[in-house]
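In what follows, a structure is listed as structure tokens, so that the remarks can point back to it.
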Amino acid sequence: MSRGIYIVANDRVIDNAIALLNSIRHYDPDVTIYLIPFNENYHKVAEQLATLHNVQVFPDLELIDKFTKRIGEIFDRDFLALPNKMRKLVVWFGPLDEFIYIDTDIVVFEKIADNLDKLSEVDFFCCDYHYANDKLRNIFSTFVKEQQIFSDAQLEDVFNSGFWASRKGTITEQQMDEALRECAAHHEYFDFSEGVTDQPILNYLVLKLISKRGNLVKIPGGGPGSWAGSQNFQQQDYALYDRGQRLKYLHWAGTRMKTGSPYWQLWEHYRYLHEGKFAFIPKLTRRLFPFVSART
């Protein structure tokens, strides 16, 4: 049985992708990792990640293209402006039997693939507090609750779309196609008011099609958080802790990644983990600032 990790990236997010992969490989040098190209501009990031961390490009690019085209046929552009945002859904039809999907604006603080053991109990799991803090915001409209499209118990399983896991074949291509067409016919189900894209659709698919679900934070006393917007995490040895519990990962969801962002120095640590901080600054800039030394 094959296990591993999927990411979606292109050259525009190369720094985030390197930071994520540096953190994954810091704790796990061997786990299989596949890159799903967001668009055609992915060759630089693919080369970097292959060289640094043995990341492989998703082997069936034709499947990705066909899937993206199908998404474009199902959804009107005023509903889903960027069909490529849905490319992560091909993970259910990829080479890995069990997988974790991870957004690139994340760094991890443990051997993250070990969490796949949870799939012995469920067919899908997430690891976040969206259900408790944001509830249906950025996922479903009040219509879904009022019309009981999903039960209250089901709505307790909503999740952030940046970190989750499942297994190949849990959703079939026919099931996904039918559910996506249902979504396209019911724009009123979803909350896109703050610019989210794939998250509402992914939640609909999972609640509709996967009954055995879990959330790694739903343990006695509650598991550690993961959102970079939380100010209460404590840092120790380039990891974060929440009420004494080590975070599994940190996600800068909804946060612009730049100097001054929450936990920015921690992100920089993982981004430049194996190189001088200024390795990619143009030579002209380095000549202008010769006093800058490389970070180790």
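The values are calculated or read from the model by the stated rules, or taken from the named source; none is laboratory data. Computed from a predicted model, the values in this text were never measured in an experiment. Glycine gets a Cβ as well: all are built from the backbone with ideal geometry, and neighbour counts include every protein chain shown. For the accessible areas, the whole protein counts, side chains as well, though only heavy atoms, and no ligand, DNA or RNA atoms are used. Shrake-Rupley method; radii C 1.70, N 1.55, O 1.52, S 1.80 Å.
Need the failing condition index for residue 174 against (1) surrounded by 14 or more Cβ atoms within 10 Å (Cβ to Cβ); (2) within 30 Å of residue 116 (Cβ to Cβ), just the number.
(1)
Out of 244, 260, 254, 229, which single residue is surrounded by fewer than 18 Cβ atoms within 10 Å (Cβ to Cβ), within 15 Å of residue 161 (Cβ to Cβ) and not polar (S, T, N, Q)? Show your work before the answer.
Working: 244 fails: within 15 Å of residue 161 (Cβ to Cβ); 260 fails: within 15 Å of residue 161 (Cβ to Cβ); 229 fails: within 15 Å of residue 161 (Cβ to Cβ).
The match here is 254.
Report whether or not residue 199 is polar (S, T, N, Q) and over 15 Å from residue 158 (Cβ atoms). Give the derivation first.
Numbers: polar (S, T, N, Q): yes; over 15 Å from residue 158 (Cβ atoms): no.
So residue 199 fails the test.
For the stretch 189-219, which positions are out of contact with any strand residue (DSSP E or B) (no Cβ under 8 Å at 6 or more places or on another chain), closer than 18 Å to residue 76 by Cβ and either open to solvent by 50 Å² or more (accessible area, probe 1.4 Å) or not in a helix (DSSP H, G or I) (or both)?
192, 193, 195, 196, 197
Given the criterion of a type in the set (A, V, I, L, M, F, W, C) and assigned to a helix (DSSP H, G or I), identify the matching residue among 81, 46.
Numbers: 81 fails: assigned to a helix (DSSP H, G or I).
Selected residue: 46, the only one of 81, 46 that is of a type in the set (A, V, I, L, M, F, W, C) and assigned to a helix (DSSP H, G or I).
Quick check on my filter: what residues within the stretch 52-84 are within 16 Å of residue 35 (Cβ to Cβ) and in contact (Cβ under 8 Å) with a residue 60 or more places away in the chain?
Scanning the stretch 52-84 gives a single hit, 52.
Quick check on this structure: which one of 229, 254, 222 is out of contact with any Gly (no Cβ under 9 Å at 6 or more places or on another chain) and assigned to a loop (DSSP other than H, G, I, E, B)?
Details: 229 fails: out of contact with any Gly (no Cβ under 9 Å at 6 or more places or on another chain); 254 fails: out of contact with any Gly (no Cβ under 9 Å at 6 or more places or on another chain).
After ruling out the rest, the residue left standing is 222.
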